[in-house]
Amino acid sequence: MENRTHWYAIYTKSRCEKKVEEYLRACGVRTYLPIKKELHKWSDRKKLVEVPMINSYCFVRIDIAEEKDRIYAAPGFVAFVCDHGKPCPIPQSEMDMMKKTVDSTLEIQVEMRRLRVGKKVRILTGPMTGTIGTIDQLNKNKVYIHLEVIGITMIVDLKDEPVFETYIEKDEDEES
C-alpha cells in the first residue's frame, strides 16, 4: 500500500502551539514543533525558556483524508495552511531542511513574510549540506532560505562564507 501521509502546516491560536502539539502527539499524530531557547528577564530573575520558533504554527504528518478530523478536534487549532481552499502538503525536503537547521547550533531567526524568490541552490558546506532551497538574500554571514509552501524565510547566521552550487530541477521528460 502506498504511503499517503504528508506533512502539513497548521495555524494555532496565539501561544497555543505547545498545547496543540502535545494534544496531537497524545492522539498518536506525528508532529513537529520547531523550538528555540530564549533568555527571558523579569524584575527578580532570568530564565532560559523554550519557545516556538514560528509563532502560531505546528506541523503534522497525516493522511489528510483519514486523519483531518483528529486535527480539527485539537484545542487551540485554527486552520490548515491552504492553497485555493485545500491543505498544502509540504515537501519532505523542506521539512528535512527545517529540522536540520533547527537542530544545528546555528543562530536562527524566522521572518513571517515572503521575500523575493531567487535562485534554487544546493548548500555544500556546514550542517545544512545537501539542502536545497531558494535563496532570497546572501551575504558573508547570513543566508535567507525561503520555504515556499509555508511562506516563511529562515535566516541562518553561518559565521563563515557558505559554498553553494546552482540547483537545476530536471523535467520528467529529461531522462539521462
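The values are calculated or read from the model by the stated rules, or taken from the named source; none is laboratory data. None of these values were measured; they are calculated from a predicted model. Using ideal geometry, Cβ is built from the backbone for each residue, glycine included, and neighbour counts are taken over all protein chains shown.
Worth a mention:
- Those residues of the stretch 1-10 which are surrounded by 19 or more Cβ atoms within 10 Å (Cβ to Cβ) and either of a type in the set (Val, Ile, Thr) or over 11 Å from Phe59 (Cβ atoms) (or both), in sequence order: Ile10
- Residue list for the stretch 1-27, restricted to those being part of a loop (DSSP other than H, G, I, E, B), within 17 Å of Ala65 (Cα to Cα) and touching a residue at least 24 places away in the same chain (Cβ under 8 Å): Arg4, Thr5, Cys27
- Condition met for Lys36 (outside any helix (DSSP H, G or I) and surrounded by fewer than 20 Cβ atoms within 10 Å (Cβ to Cβ)): yes
- Which numbered condition Asp63 misses (of (1) surrounded by 13 or more Cβ atoms within 10 Å (Cβ to Cβ); (2) modelled with pLDDT of 95 or more): (1)
- Here Val102 does not qualify as surrounded by 13 or more Cβ atoms within 10 Å (Cβ to Cβ), in the same structural domain as Lys18 (by TED's automatic domain parsing) and at pLDDT 65 or above.
- Restricting the stretch 84-94 to residues that are outside any loop (DSSP other than H, G, I, E, B) and touching a residue at least 24 places away in the same chain (Cβ under 8 Å), the residue that is surrounded by the most Cβ atoms within 10 Å (Cβ to Cβ): Ile90
- For the stretch 55-75, a tally of residues being touching a helix residue (DSSP H, G or I) at 6+ places or on another chain (Cβ under 8 Å), within 22 Å of Glu94 (Cα to Cα) and not in a strand (DSSP E or B) returns 3.
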